[in-house]
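For reference, the structure discussed in these notes is given below.
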Amino acid sequence: MSKFYVTTPIYYVNGAPHIGHAYTTVVADALARHYRQRGDAVFFMTGTDDHGLKVQRAAEEAGQSPKALADRNSAVYAGLFEQLGLTHDRFIRTTDPDHEAAAVELVRRMQAAGDIYLGHYEGWYAASDEAFYDASEIEDGHARGSGAKVEWVQESSYFFRLSRYAERLLAWYADPSAPVQPESRRNEVASFVASGLKDLSISRTTFDWGVAWPDDPEHVLYVWVDALTNYLTGAGAFADPERMARWWPADLHLIGKDILRFHAVYWPAFLMSAGLDLPRQVLAHGWWVDERGEKGSKSKGNVVEVWPLLERYTLDSLRYFLLREKPLATDGVFSERRLVERNNNELADNLGNLVNRVLKMVERYEGGIVPDGHRSDAARDQELRERCQATRGEVEAAIDAREPNVALEAIFALSSACNLYVNDLRPWDLAKSDDPLRLSQVLYHALESIRQILVLAAAFLPDASRRGMAGLSLGGDAALAYAGLDWGGLPVGARVKAPALLFEKIDLDEPDAEPTGEGSEPGSPMAHEASASRGPVAEASAGTTIGMADFERVELRIGAILAAEPVTGADRLLRLSVDLGEASGPRQIVAGIAESYAPAALIGCRVAVVANLAPARIRGVESQGMLLAAQTAGGGLELAQFGQDVPLGTRIR
Ligand code: ME8
């Protein structure tokens, strides 16, 4: 039995998770599930990066302690991953005590190797990347690659002798096992290293939200030294030698291409210095981008949030789109239209239809009992059996090559082949003929192929697979083992029951503004497009007085806009993420202000929010509140705004 230790990046807790974070973690989850099915011992770890300047600043802005902010947002990530049904074995946080101890010990080992000296750092730093940049990488005050804003930093700092490791790093990249993937990324880091490595500043003194430097509490560890060590902590490094021997080195660090340098240059150099084995593979995947090819980012306001997607689509549909739409290595456009098309054409029409029709036929023609027909000499049957076996090989090879899209292609090709088999061999005609044996053979072959497809698909579509298997009276992990994939695993005589539809078709054209809450009013001002054009609300109620108690019923609160993006197909609408300082995380609010505000101009604005308005659905998007605004003389809209010193969530009275 081999082992598979797979990690995702640990995510910064300065803000809410988005589709990119879900993506990496879903891919890692699919790989983990797949190798478990193949009988490997799997350890899958994800978690949050709690420390650093970026988190400290976000906490200051939110008027909270960094620990409180980290606790809150780390829980948001953990909650999301639970909601996504992910099967990680540990959710690590860099504030976990065993992790802090491991990070300190790694630094001690690097010190013992003579690789650390005290110096003075003077140069550029980008807080949003938590990265030091060379002057040659800066353009107009921003880092050229990431676009992050840089600031000049001068401070006393411990340095790591990165320059010592250039040769060994280049030799590692050239290793025949190709530990840095894909090749284009490996070439990118190799040329970075070949162009000359400077020593790396690995401690900071100008803020304190981090792991204290061993024996020098003036310094905290540079957040990347701290964060990267999480992979060792998970393997029990420095604390549990047995566990370490079992799990280290990691088999796969799955990351986005944005953080390649940290994982393929700094990390292996730290490990070499500490005398530890290097990860077997660092794989950088591409990004989800918008139609203009831009990566979603909080600052640009074009982030795709996950929760609204979970309201509209099943987990399996979302997983299928993420895993099937683009190869891991490349960028891809996140398009709900494509997601719906794939759901309808591939999940529902191909696999869903196959399972549904075949199981129904068995109910109808065989009384719901798996017929005895697994041995037959018919050429079509043999072909189907061979096709199943070949597909298993293709899926394994694709996952070993880190190509989940190719694995899914193979599985769905098998599903198509099986549909064709049923179409051509026409069980409905056989049922009318006097050849019950042939009917049994055809239905057995269709059923057993379905079992194989569901086993192969389980890592990618766990819910549909589970429900389909239940329809064959099969359940539990044992039924999903690849070891049971040999032809004939479906017991003759088992009971078959068609499950409720495996995949529902989705209608892309949702009606406008259906309210979701009791008593919510679709006509509520500002919350949506129609009312924004209807003019000032005051006109309707002019002349009426209300008592204080009436006013008190309206809960007006201060919120900060974290993200803003246009709502597809609605010119006037923006979908906003607004932080009211609530433990449940930011709210999604849809506002009809797109003609008056560019999304980017809204980020960070403190606005007045009607916080206790019943949620409404606007153009299919849930709106959990409403912003206050007034119409200007020119017909535009102006938001009621507050200064940055008013704490989030403050009630306006
Ligand atoms: O970098 N498409 O955390 P982070 C696909 N804390 N994936 C995306 C993406 C997109 N548009 N945007 C982000 C950090 N990601 C550090 C990591 S690890 C020791 C420390 C994913 O919260 C992708 O996996 O900025 C990327 O590498 C990661 O989120 C960055 O998450």
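Descriptive notes on the structure:
- Close pairs from the stretch 291-310: first within 18 Å of TYR597 (Cβ to Cβ), partner open to solvent by less than 60 Å² (accessible area, probe 1.4 Å) and near the ligand (Cβ under 10 Å from one of its atoms), Cβ under 6 Å, at least 6 apart: LYS298/GLY15; ASN302/ASP290; ASN302/GLY296; VAL303/HIS18; VAL303/GLY296
- For the condition assigned by TED's automatic domain parsing to the domain that holds LEU354 and farther than 17 Å from ARG380 by Cα, ARG495 does not qualify.
- Matching option when the condition is among the hydroxyl-bearing types (Ser, Thr, Tyr), out of contact with any helix residue (DSSP H, G or I) (no Cβ under 9 Å at 6 or more places or on another chain), open to solvent by less than 50 Å² (accessible area, probe 1.4 Å) and touching a residue at least 24 places away in the same chain (Cβ under 8 Å), among TYR121, TYR117, TYR158: TYR121
- For the stretch 272-287, the count of residues that are near the ligand (Cβ under 9 Å from one of its atoms), among the hydrophobic types (A, V, I, L, M, F, W, C) and part of a helix (DSSP H, G or I) is zero.
- Filtered residues of the stretch 319-355 (kept if of a type outside the set (S, T, N, Q), within 16 Å of the ligand (Cβ to nearest atom) and either closer than 21 Å to GLY569 by Cβ or not in a loop (DSSP other than H, G, I, E, B) (or both)): ARG319, PHE321, LEU322, LEU323, ARG324, GLU325, GLY332, VAL333, PHE334, GLU336, ARG338, LEU339
- Here the condition is being in contact with a Pro (Cβ under 6 Å, 6 or more places away or on another chain) and modelled with pLDDT of 85 or more; of ALA564, ALA608, it holds for ALA564 alone.
- Only one entry in TRP213, TRP248, TRP267, TRP209 is at pLDDT 95 or above and within 9 Å of the ligand (Cβ to nearest atom), namely TRP267.
- For the stretch 230-245, residues that are assigned to a helix (DSSP H, G or I), under 15 Å from LEU106 (Cβ atoms) and more than 16 Å from the ligand (Cβ to nearest atom) total 1.
- Residue that is part of a helix (DSSP H, G or I), over 32 Å from the mean Cα position of the chain (by Cα) and at pLDDT 95 or above, where the choices are ASN405, ASN423: ASN423
Let's see how each residue does on (1) among the aliphatic types (A, V, I, L, M); (2) without any contact (Cβ under 8 Å) to a residue 12 or more places away in the chain; (3) within 10 Å of the ligand (Cβ to nearest atom); (4) under 23 Å from GLY236 (Cα atoms):
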site: LYS3; (1), (2), (3), (4): no, no, no, yes
site: THR8; (1), (2), (3), (4): no, no, yes, yes
site: VAL13; (1), (2), (3), (4): yes, no, yes, no
site: ALA22; (1), (2), (3), (4): yes, no, yes, no
site: TYR35; (1), (2), (3), (4): no, no, no, yes
site: LYS54; (1), (2), (3), (4): no, no, yes, no
site: ALA62; (1), (2), (3), (4): yes, no, no, no
site: ARG90; (1), (2), (3), (4): no, no, no, yes
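- Within the option set ASP316, ASP290, being away from the ligand (no atom under 12 Å from the Cβ) and either in contact with an Asp or Glu (Cβ under 6 Å, 6 or more places away or on another chain) or open to solvent by less than 50 Å² (accessible area, probe 1.4 Å) (or both) holds for one residue only, ASP316.
- Residue that is farthest from THR650 (Cα to Cα), among those in the stretch 42-55 that are assigned to a helix (DSSP H, G or I) and open to solvent by less than 30 Å² (accessible area, probe 1.4 Å): LEU53
The values are calculated or read from the model by the stated rules, or taken from the named source; none is laboratory data. Quick caveat, the model's predicted, so the values are computed rather than measured. Quick reminder, even Gly has a Cβ in these numbers, built from the backbone with ideal geometry, and neighbours come from all protein chains shown. Keep in mind that these areas ignore ligands, DNA and RNA; they rest on the heavy atoms of the full protein, side chains included. Shrake-Rupley method; radii C 1.70, N 1.55, O 1.52, S 1.80 Å.
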